[in-house]
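*Asks:* Have a look at this one before I ask anything.
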Amino acid sequence: MDIVIRRDLLENRSPCIMFNPMVVLAASIVSKSGKVLVSRQFVDMTRIRIEGLLAAFPKLVGTGKQHTYVETENVRYVYQPIEALYLLLVTNKNSNILEDLETLRLLSKLVPEYSYSLDEEGICKHAFELIFAFDEVISLGHKENVTVAQVKQYCEMESHEEKLHKLVLQSKINETKDVMKRKASEIDKSKIEKNRGDKGGFGPLQSMGSGRIENSFSDLSISSSGTGFGSGSGFGLATDVDSFSTKPKGRPTSSATAPPKGLGMKLGKSQRTNQFLESLKAEGEVILEDVQPKLSQSRGAAPPPTDPITLTVEEKLNVTLKRDGGVSNFDVQGTLSLQILNQEDGHIQVQVQTGDNQAVAFKTHPNMNKELFSNDSILGLKDPNRPFPTGQASDAGGVGLLKWRMQSTDESMVPLTINCWPSSSGNETYVSIEYEASSLFDLRNVVIFVPLPALREAPSVRQIDGEWRYDSRNSILEWSVLLIDNSNRSGSMEFVVPLADSSAFFPISVRFMATDTFSDLKVTNIIPLKGGNPPKFAQRTQLITDNYQVV
């Protein structure tokens, strides 16, 4: 199976063999016999041209040489053996060989991530995954500044919005099913009550004077012997049965309501099942209905703005922690955006208050008056006669007024640290994971994604503070905590999997949000430039994770 992807065919352009200087022409995986398994071209070139270059490579590779590059009159081959194959970069002779070697080293780390078996069958099976990964590393022949973890994240294309939408949709489906069950139960119960009322309250009695219930509630019938009101014991028994059926244990009296009219279809459980439940209730058993799920936890999306003016303070965290402790990367990027619904409110200025964090560096939009912000902390346009753009409530972004950034290597600034301790015993690996949250923030909707080796069944979770879910498709254990505040600044989870290497549980990814920020930026006032009362405004503040990992 030979796969050669041509960029000119994907972009409907005519092929051309003009090479820009200092670029990678192609990245390929070939066998030692010269068979092309995967090849990705990054410049316009014909299939015949690339096949000719790759076919000539095995003849140029000598034995016993220490270097890993070969030059011809027109191109340079930079290669690295991976078992019985060659990972090969075809570049022009003007390309920086040091940068090419760095690109080759990164690609050599990516190939085993997508193809566990480094043979012809494994490479061909995961050919398209490898091509997508190559595209993330090399763009138009130049290396991108990315890591292996970032490439994997980009290729997975995980969408928080999609997950949230599925959770809300599933909650609605579960809620509808519960309503159907409850309505069906009420319909059956009210039919029983109606039949009892139509027959004088003596439905299930076989004999009026015996004081015994011969038939169950599933066989409602009227005995010919119970047709009069002459027996006083019959009245007492009917009263007992009424209280028995309409006031079961554990259920309020208001649960039995009149049947709604106009229903042409029964929903929920079958009649036999409902009659069996009614019989159990009549015998004194406590039958609890399913609890209706709450959707408030799933609906994390912010509602559209309804105030005339909405200002959104948002900070995104990019953090990389070392598994043995310490901070490899800590970067906070924040924005202040403005959204105005009505055009008459566009002539304004925004008064803000910055916090005491000296590590935060603010930068205004080019159209903002920088001196006004530096001296008075007021955000206004350079031309005061020019209004701010307006938009409808459905516009997501708004107008960016201010940006800031903070970088640090201080581990005390990290909102959440994760410690993972794998230990092997016999044929099993015991993994203990704990989190420690800083007192600076209260974290919401915390999800910790722990990668696992390929398993046939879910791991055995021995202890956990929160909830867990196993994603068998991606072999990831998801540890969820709805809220981390002063009551649970630390927590732990323990689980057991078959024997595995400790590196299989990394990198650990984390997702959360908070309503406080590092900059502590606040909007204090809206100043109308044309006089009058200040318009009403709403302020939203959130801290979210963009890329938060333990590697």
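*Asks:* Has region 83-95 got any residue that is free of Cβ contacts under 8 Å to residues at least 40 places away in the same chain and under 35 Å from the mean Cα position of the chain (by Cα)? If you could, list the steps in order and put the result at the bottom.
*Replies:* First, the residues of region 83-95 that are free of Cβ contacts under 8 Å to residues at least 40 places away in the same chain: 83, 93.
Within this subset, residues satisfying the condition of being under 35 Å from the mean Cα position of the chain (by Cα) are none.
No, that holds for no residue.
*Asks:* Within region 373-390, is there a residue that is among the acidic types (Asp, Glu) and over 28 Å from the mean Cα position of the chain (by Cα)? So that I can check it myself, show each step before the final result.
*Replies:* The first filter runs over region 373-390 and keeps only residues among the acidic types (Asp, Glu), leaving 376, 383.
Filter again for over 28 Å from the mean Cα position of the chain (by Cα), leaving 376, 383.
Yes, region 373-390 contains a residue that is among the acidic types (Asp, Glu) and over 28 Å from the mean Cα position of the chain (by Cα).
*Asks:* Suppose we filter Lys143, Lys181 for residues that are open to solvent by 50 Å² or more (accessible area, probe 1.4 Å), outside the structural domain of Ser328 (by the TED database), over 24 Å from Leu37 (Cα atoms) and basic (Lys, Arg); which single one remains?
*Replies:* Working: Lys143 fails: over 24 Å from Leu37 (Cα atoms).
Unique residue meeting the criteria: Lys181.
*Asks:* Cβ-Cβ below 7 Å, separation at least six or inter-chain, first residue in region 423-437 and open to solvent by less than 60 Å² (accessible area, probe 1.4 Å), second not in a strand (DSSP E or B): which pairs?
*Replies:* As it stands, the answer is Thr429/Leu499; Thr429/Ala500; Val431/Phe505; Ala437/Pro415; Ala437/Arg489, since those pairs meet every condition given.
*Asks:* Follow-up question, since we're still on this one. Which numbered condition in (1) under 30 Å from Phe505 (Cβ atoms); (2) more than 32 Å from the chain's Cα centre (by Cα); (3) surrounded by 14 or more Cβ atoms within 10 Å (Cβ to Cβ) is the only one that Glu51 fails?
*Replies:* Only one criterion is unmet by Glu51, namely (1).
*Asks:* From the list Lys322, Lys363, pick out the single residue that is outside the structural domain of Val496 (by the TED database), surrounded by fewer than 17 Cβ atoms within 10 Å (Cβ to Cβ) and in contact with a Phe, Trp or Tyr (Cβ under 7 Å, 6 or more places away or on another chain). Break it down stepwise before answering.
*Replies:* Working: Lys322 fails: in contact with a Phe, Trp or Tyr (Cβ under 7 Å, 6 or more places away or on another chain).
Sole residue among the options that is outside the structural domain of Val496 (by the TED database), surrounded by fewer than 17 Cβ atoms within 10 Å (Cβ to Cβ) and in contact with a Phe, Trp or Tyr (Cβ under 7 Å, 6 or more places away or on another chain): Lys363.
*Asks:* Inside region 521-538, can you point out the residues that are surrounded by 15 or more Cβ atoms within 10 Å (Cβ to Cβ) and among the aliphatic types (A, V, I, L, M)? First the steps, then the outcome.
*Replies:* Our first condition is that a residue be surrounded by 15 or more Cβ atoms within 10 Å (Cβ to Cβ); within region 521-538, this holds for 521-523, 526, 535, 537.
Leu521, Val523, Ile526 - these are the residues of region 521-538 that are surrounded by 15 or more Cβ atoms within 10 Å (Cβ to Cβ) and among the aliphatic types (A, V, I, L, M).
*Asks:* Additional query: Can you name the condition, by its number, that Asn94 falls short on among (1) in the same structural domain as Ile29 (by the TED database); (2) in a helix (DSSP H, G or I); (3) out of contact with any strand residue (DSSP E or B) (no Cβ under 6 Å at 6 or more places or on another chain)?
*Replies:* (2)
*Asks:* Continuing with this model, one more query. Of all residues in region 494-515, count the ones that are of a type in the set (D, E, K, R) and within 24 Å of the chain's Cα centre (by Cα).
*Replies:* Of the residues in that region, 2 qualify.
*Asks:* Is it true that some residue in region 45-59 is closer than 15 Å to Leu140 by Cα and either modelled with pLDDT of 80 or more or outside any helix (DSSP H, G or I) (or both)? Outline the logic, then answer.
*Replies:* Looking only at region 45-59, we keep the residues that are closer than 15 Å to Leu140 by Cα, and these are 45.
From what's left, either modelled with pLDDT of 80 or more or outside any helix (DSSP H, G or I) (or both): 45.
Yes, there is a match, as at least one residue in region 45-59 is closer than 15 Å to Leu140 by Cα and either modelled with pLDDT of 80 or more or outside any helix (DSSP H, G or I) (or both).
*Asks:* Does region 31-63 hold any residues that are within 20 Å of Ala84 (Cα to Cα), touching a residue at least 40 places away in the same chain (Cβ under 8 Å) and of a type in the set (A, V, I, L, M, F, W, C), and which are they?
*Replies:* Within region 31-63, Leu37, Val38 qualify.
*Asks:* Right, here's the next one. Tell me which residues, restricted to region 324-358, are of a type in the set (Gly, Ala, Ser) and touching a residue at least 60 places away in the same chain (Cβ under 8 Å).
*Replies:* Within region 324-358, the subset of a type in the set (Gly, Ala, Ser) is 325-326, 328, 334, 337, 346, 355.
Answer for region 324-358, where residues must be of a type in the set (Gly, Ala, Ser) and touching a residue at least 60 places away in the same chain (Cβ under 8 Å): Gly325, Gly326, Ser328, Gly334, Ser337, Gly355.
*Asks:* Go through (1) at pLDDT below 80; (2) crowded, with 16+ Cβ neighbours inside 10 Å; (3) under 32 Å from the mean Cα position of the chain (by Cα) one by one and return the number of the condition Pro204 breaks.
*Replies:* Evaluating Pro204 over (1) at pLDDT below 80; (2) crowded, with 16+ Cβ neighbours inside 10 Å; (3) under 32 Å from the mean Cα position of the chain (by Cα) leaves (3) as the failure.
*Asks:* Take region 123-145 and flag every residue that is within 14 Å of Leu101 (Cα to Cα), touching a helix residue (DSSP H, G or I) at 6+ places or on another chain (Cβ under 7 Å) and at pLDDT below 85.
*Replies:* Lys143, Glu144
*Asks:* Can I ask one more? Say we look at region 325-349 and pick out the residues that are part of a strand (DSSP E or B) and out of contact with any Gly (no Cβ under 9 Å at 6 or more places or on another chain); which of these is surrounded by the most Cβ atoms within 10 Å (Cβ to Cβ)? Spell out how you get there, then give the answer.
*Replies:* First, pick out the residues of region 325-349 that are part of a strand (DSSP E or B): 327-340, 348-349.
Now drop any that are not out of contact with any Gly (no Cβ under 9 Å at 6 or more places or on another chain), which leaves 327-334.
On the way: Val327: 17, Ser328: 12, Asn329: 16, Phe330: 18, Asp331: 15, Val332: 23, Gln333: 15, Gly334: 20.
It comes out as Val332.
*Asks:* I'm trying to understand the selection: among the residues of region 102-111, which are loosely packed, with under 15 Cβ neighbours inside 10 Å and out of contact with any helix residue (DSSP H, G or I) (no Cβ under 9 Å at 6 or more places or on another chain)?
*Replies:* Here is the first cut: in region 102-111, the residues loosely packed, with under 15 Cβ neighbours inside 10 Å are 102, 105, 108-109.
Glu102, Arg105, Ser108 - these are the residues of region 102-111 that are loosely packed, with under 15 Cβ neighbours inside 10 Å and out of contact with any helix residue (DSSP H, G or I) (no Cβ under 9 Å at 6 or more places or on another chain).
*Asks:* Okay, next question. Give the residue, chosen from Phe518, Phe449, that is hydrophobic (A, V, I, L, M, F, W, C), under 26 Å from Lys403 (Cβ atoms) and surrounded by 16 or more Cβ atoms within 10 Å (Cβ to Cβ). Quick ask: steps written out before the conclusion?
*Replies:* On the way: Phe449 fails: under 26 Å from Lys403 (Cβ atoms).
Just a single option satisfies the conditions, and that option is Phe518.
*Asks:* Something else: Out of all the residues in region 469-484, which are in a loop (DSSP other than H, G, I, E, B) and either touching a residue at least 60 places away in the same chain (Cβ under 8 Å) or open to solvent by 40 Å² or more (accessible area, probe 1.4 Å) (or both)? Spell out the reasoning first.
*Replies:* Going through region 469-484, the residues in a loop (DSSP other than H, G, I, E, B) turn out to be 472-475.
Across region 469-484, the qualifying residues are Ser472, Arg473, Asn474.
*Asks:* Quick check on region 512-526. Is at least one of its residues part of a strand (DSSP E or B) and of a type in the set (Phe, Trp, Tyr)?
*Replies:* The answer is yes, given that some residue of region 512-526 is part of a strand (DSSP E or B) and of a type in the set (Phe, Trp, Tyr).
*Asks:* Ok, one more. Test Arg489 against the stated conditions and say whether it is without any contact (Cβ under 8 Å) to a residue 12 or more places away in the chain, open to solvent by 30 Å² or more (accessible area, probe 1.4 Å) and farther than 30 Å from Val350 by Cβ. Write out each step before concluding.
*Replies:* On the way: without any contact (Cβ under 8 Å) to a residue 12 or more places away in the chain: no; open to solvent by 30 Å² or more (accessible area, probe 1.4 Å): yes; farther than 30 Å from Val350 by Cβ: yes.
No; evaluated as a whole, the condition is false for this residue.
*Asks:* How about region 348-376: which of its residues are within 20 Å of Asp410 (Cβ to Cβ) and among the small types (Gly, Ala, Ser)?
*Replies:* Those that are within 20 Å of Asp410 (Cβ to Cβ) and among the small types (Gly, Ala, Ser): Gly355, Ala359, Ala361.
*Asks:* Might you let me know whether region 106-114 holds any residue that is modelled with pLDDT of 80 or more and not in a helix (DSSP H, G or I)? Walk me through how you get there before you give the answer.
*Replies:* Applying the first criterion (modelled with pLDDT of 80 or more) to region 106-114 yields 106-114.
Filter once more, keeping what is not in a helix (DSSP H, G or I): none.
No: region 106-114 contains no residue that is modelled with pLDDT of 80 or more and not in a helix (DSSP H, G or I).
*Asks:* Another question, then. Please go through region 452-468 and pick out each residue that is outside any strand (DSSP E or B), surrounded by fewer than 17 Cβ atoms within 10 Å (Cβ to Cβ), out of contact with any Gly (no Cβ under 7 Å at 6 or more places or on another chain) and not basic (Lys, Arg).
*Replies:* Correct list: Pro453, Ala454, Leu455, Glu457, Ala458.
The values are calculated or read from the model by the stated rules, or taken from the named source; none is laboratory data. From a predicted model like this one, the values you see are computed outputs, not experimental measurements. Neighbour counts are summed over all protein chains in view; Cβ atoms, including those assigned to glycine, are modelled from backbone coordinates with ideal geometry. Side chains are part of the model used for accessible areas, which takes the heavy atoms of the whole protein and leaves out ligands, DNA and RNA. Shrake-Rupley method; radii C 1.70, N 1.55, O 1.52, S 1.80 Å.
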